[in-house]
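All remarks here apply to the structure that follows.
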Amino acid sequence: MTEATGYMAQERALDRDCTTLSRHVLQQLQSFSADAQDLSALMNRIALAGKLIARHMSRAGLMENVLGFTGEVNVQGESVKKMDIYANDVFISVFKQSGLVCRLASEEMEKPYYIPENCPIGRYTLLYDPIDGSSNIDININVGSIFAIRQQEGIDEDGSALDLLQNGRKQIAAGYILYGPSTMLVYSIGKGVHAFTLDPSLGEFILSNENIQIPEHGPIYSVNEGNFWQWEESIRDYIRYVHRHEGYTARYGGALVGDFHRILFQGGVFLYPGTQKKPDGKLRLLYEAAPLAYLAEQAGGRASTGMQEILDVVPQKLHERVPLIIGSKEDVTLVESFISEGVREGKKEAVR
């Protein structure tokens, strides 16, 4: 290797190591305006929450009161894990210090959490799922945090947060943090999807993948087939189709973040359809489906309920659930075609 080549390689490595999350946000916006600096600061706070949660989780098996259930039930009617509470508290604590966020809305809280000292100047709301896939924690399998940022509309004097009941296109940023062999933060501010990996030696999230694109079609289908007989016949027909055709591979990890992360890079489709017991599905629109749909569209993919684009769904309540079909364009469209055919067949039967 010549001296010049060695110097160039060193320069590229330094440029990579210097591309931190906050720097990247400002570069994306090509601005140092107040709004750009706000978004950079907000992403920095999310990154801090991710570092704290990752640190706590890395010692989960060695510390008391980290694993297991609290014995409580959240607003969703689900048993609460100790890590759910810790992660939720981390986000609140981190954003109390931000001066930018007036409200935080989480699937773990019945109503938004207000930070009165921030509200006179804080113009943003953070919506988040503090720990997605928390049932995986006790067995040391991937989990994640999902987030979205919205700009507050109005002053919300009565604390009803009605301005949050708008479609997902109102999000100004969204992303997730994946806690796995390495901790990764993936985000978009409407200018593509970018991934950062936490470098423990620096304590910084460093750019690792820029302008990620979901393949038009992928081999993976990710769904909990244990619910097979609880689905509509149209979804069962789709599963029978992939069983009969070569080139499909089933991958399901039980954590939405991990399953979506695989599809983001490799292509395919993730499904969580409604069931007989839960026709609207299990996933929350504001905290899970809409943020990941934002990423999917920014990466050239799609996200649908089967009948409507996820980002066009207007919720009627904060904790609204929706069916979710997300991933490569061709694969989402294929699932929709089975659903449409099922609807047509249902209408024919009704006429008879």
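Suppose R0 equals 41 Å. What FRET efficiency, 1/(1 + (r/R0)^6) with r the Cβ-Cβ distance, do Val343 and Ile155 give to the nearest 0.05?
On the way: r = 43 Å, r/R0 = 1.04.
The pair Val343/Ile155 has a calculated efficiency of 0.45.
Quick one: which residues, 5 or more positions from Ser208 or on another chain, have an amide H under 5 Å from its amide H? H modelled 1.01 Å from N in the peptide plane, none for Pro or chain starts.
Ala195, Phe196, Thr197
From the backbone phi of the range 330-339, what are the Karplus-calculated ³J(HN,Hα) couplings (6.51 cos²θ - 1.76 cosθ + 1.60, θ = phi - 60°) in whole Hz, Gly and Pro given as x?
Couplings: 5, 6, 5, 4, 4, 4, 4, 5, 5, 5 Hz.
What is the percent carbon and sulfur in the accessible area of the chain, measuring with a 1.4 Å probe over the protein chains and ignoring ligands?
Numbers: 8180 of 16390 Å².
Heavy-atom surface of the chain belonging to carbon and sulfur, 1.4 Å probe: 50 percent.
Identify the GluC sites (Glu not before Pro) of the range 165-262 meeting these criteria: DSSP loop state and at most 14 other C-beta atoms within 10 Å of the C-beta.
Listed in order of number, the matching sites are Glu210, Glu216, Glu246.
Using alpha carbon centroids, what distance separates the range 252-312 and the range 142-160, in Å?
Going from one Cα centre to the other spans 19 Å.
With a 1.4 Å probe and all protein chains left in place, how much accessible area per residue does the range 105-184 have, in Å²? Don't jump to the answer; show the numbers that get you there.
Values: 3330 Å² over 80 residues.
The answer is 42 Å² per residue.
Taking R0 as 56 Å, what's the FRET efficiency between His245 and Arg23 from their Cβ-Cβ distance, rounded to 0.05? Walk me through the intermediate numbers first.
Values: r = 45 Å, r/R0 = 0.81.
Once rounded, the FRET efficiency stands at 0.80.
For the range 124-199, what does the equivalent ellipsoid look like in terms of its semi-axes, each the square root of 5 times an eigenvalue of the Cα gyration tensor, given largest first in whole Å?
Details: eigenvalues 158, 54, 14 Å².
Whole-Å semi-axes of the equivalent ellipsoid: 28, 16, 8.
Please list, ordered by chain and number, the residues whose modelled amide H lies under 5 Å from the amide H of His319; skip anything fewer than 5 residues away on the same chain.
The list, which skips near neighbours in sequence, is empty: none.
Please work out the FRET efficiency for the pair Glu233 and Leu165, using the Cβ-Cβ distance as r and a Förster radius of 45 Å; give the result to the nearest 0.05. Numbers along the way, then the final one.
Working: r = 32 Å, r/R0 = 0.72.
Working from the Cβ atoms, E equals 0.90.
Any idea of the accessible area per residue across the range 234-352, 1.4 Å probe, to the nearest Å²? Intermediate results must be reported in sequence, preceding the final value.
On the way: 5200 Å² over 119 residues.
Value for the range 234-352: 44 Å² per residue.
Going Cα to Cα from Lys82, which lysines come in below 30 Å? Please leave out same-chain ones fewer than 8 positions away.
Within the straight-line cut-off, Lys82 pairs with Lys51, Lys96, Lys111, Lys277, Lys278, Lys282, Lys317.
State the label only: which of [x] 20.6, 71; [y] 20.9, 81; [z] 20.5, 61 corresponds to Rg and Dmax of the Cα atoms in Å computed from the shown model?
So the calculated entry is the one marked [y].
Percent antiparallel among DSSP beta bridges with both residues in the chain, to the nearest 5? Before the final figure, lay out each step's value.
Values: 44 of 54 bridges.
In the chain, approximately 80 percent of DSSP beta bridges are antiparallel ones.
When the chain is fully extended, how far beyond the present Cα-Cα distance does Gln316 get from Glu330, taking 0.36 nm per residue of separation?
Numbers: separation 14, 0.36 × 14 = 5.04 nm, distance 2.99 nm.
Length difference between fully extended and current span is 2.1 nm.
The values are calculated or read from the model by the stated rules, or taken from the named source; none is laboratory data. Being a predicted model, the structure only gives us computed values, none of them experimental. Methodologically, a virtual Cβ is constructed for each residue, glycine included, from the backbone with ideal geometry; neighbour enumeration extends over all protein chains shown. The accessibility values were calculated without ligands, DNA or RNA, using every heavy atom of the protein model including side chains. Shrake-Rupley method; radii C 1.70, N 1.55, O 1.52, S 1.80 Å.
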